[in-house]
Amino acid sequence: MSLVCPKTSNSVSINDSMPHYDFSSLVTQYIESYYNKQYKSLVFLCIGTDRSTGDSLGPLIGYKIKSSLSKYSNTYVFGTLDEPVHAKNLEETISNIKSSCESPFIIAIDACLGSVDRIGCINIGLGPLKPGTGVNKQLPSIGDLHITGIVNIGGYMQYMVLQSTRLSLVIKMADTISDAITFSLWNLNKKMFFHYSVQ
């Protein structure tokens, strides 16, 4: 659970008319801009826990994209409903990624808290995110790119806010992000952007 997502143009709302398509365009744009020849593998690190409604965004996305991305070589998903990546195993997972994935380009995904007018917004940005800051935990920053979804209001009683977050909102956001990622990778592979082939 990250803290606050800044208000930027690099975001869509699940209330937009075509959020899946719009966010897919952003994902494609960022990967094309920053995934270069120094990287040999693409990693989606989906952070969160299935034990908290508001913090389940990451594991839900990991669950949704894992099978669809398995057809691409050198593409990996860490953090699912069955095997979530959270505060207790994040450092171990990062070490595992670095040891098992060749020159990884990491896209870190997490839920976050923000202002009331930004709830339901999904953001993408360059650089790492800082997991745990929304609930005052000290965890390592991670990611070459980050994707965050604002699931509720930040600033007070964060644990209670997370527990009271509506599941319907989180599911809609997970659907939007996972569909956008799946379509983006299909589109990039179709354009032969990546230097690896479908298995």
Original post:
Identify, please: which residue in the range 69-87 is touching a Gly at 6+ places or on another chain (Cβ under 7 Å) and of a type in the set (A, V, I, L, M) and is, among those, surrounded by the most Cβ atoms within 10 Å (Cβ to Cβ)?
Top reply: VAL85
Original post:
Pairs under 8 Å by beta carbon, first residue among the acidic types (Asp, Glu) in the range 63-91, partner crowded, with 21+ Cβ neighbours inside 10 Å and modelled with pLDDT of 95 or more, six or more apart or different chains?
Top reply: ASP82/TYR63
Original post:
For the subset of the range 42-68 comprising residues that are buried (at least 20 other Cβ atoms within 10 Å of the Cβ) and of a type in the set (D, E, K, R), which member is modelled with the lowest pLDDT?
Top reply: ASP55
Original post:
Which pairs have Cβ atoms under 6 Å, sit 6 or more apart or on different chains, and link a residue in the range 13-24 that is among the hydroxyl-bearing types (Ser, Thr, Tyr) to one that is part of a loop (DSSP other than H, G, I, E, B)?
Top reply: SER13/GLY120
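Yes/no per residue for (1) more than 23 Å from LYS37 (Cα to Cα); (2) surrounded by 20 or more Cβ atoms within 10 Å (Cβ to Cβ); (3) within 15 Å of the chain's Cα centre (by Cα):
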| residue | (1), (2), (3) |
| --- | --- |
| ASN89 | yes, no, no |
| GLU92 | yes, no, no |
| ILE106 | no, yes, yes |
| ALA111 | yes, yes, yes |
| SER115 | yes, no, no |
| ILE124 | no, yes, yes |
Subject >> Pairs, first of a type in the set (Lys, Arg) in the range 110-124, second crowded, with 21+ Cβ neighbours inside 10 Å and at pLDDT below 90, C-beta under 9 Å, six or more apart >> reply: ARG118/CYS5
Subject >> Filter result (hydrophobic (A, V, I, L, M, F, W, C) and part of a helix (DSSP H, G or I)) within the range 44-66 >> reply: LEU57, LEU60, ILE61, ILE65
Original post:
If GLY58 satisfies every condition in (1) out of contact with any His (no Cβ under 9 Å at 6 or more places or on another chain); (2) among the small types (Gly, Ala, Ser); (3) farther than 22 Å from ASN189 by Cα but one, which is the exception?
Top reply: (1)
Original post:
Of all residues in the range 126-141, which are under 13 Å from the mean Cα position of the chain (by Cα), surrounded by fewer than 22 Cβ atoms within 10 Å (Cβ to Cβ) and at pLDDT 90 or above?
Top reply: LEU126, GLY127, PRO128
Original post:
Tell me, which residue of the range 2-18 that is hydroxyl-bearing (Ser, Thr, Tyr) and not in a loop (DSSP other than H, G, I, E, B) is modelled with the lowest pLDDT?
Top reply: SER2
Original post:
Applying the selection to the range 155-173, what residues are surrounded by 14 or more Cβ atoms within 10 Å (Cβ to Cβ) and at pLDDT below 75?
Top reply: GLN158, TYR159, VAL161, LEU162, GLN163
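The values are calculated or read from the model by the stated rules, or taken from the named source; none is laboratory data. Bear in mind the structure is a predicted one, so any value in this text is a computation, not a measurement. Note that we place each Cβ from the backbone using ideal geometry, even for glycine, and neighbour counts take in every protein chain shown.
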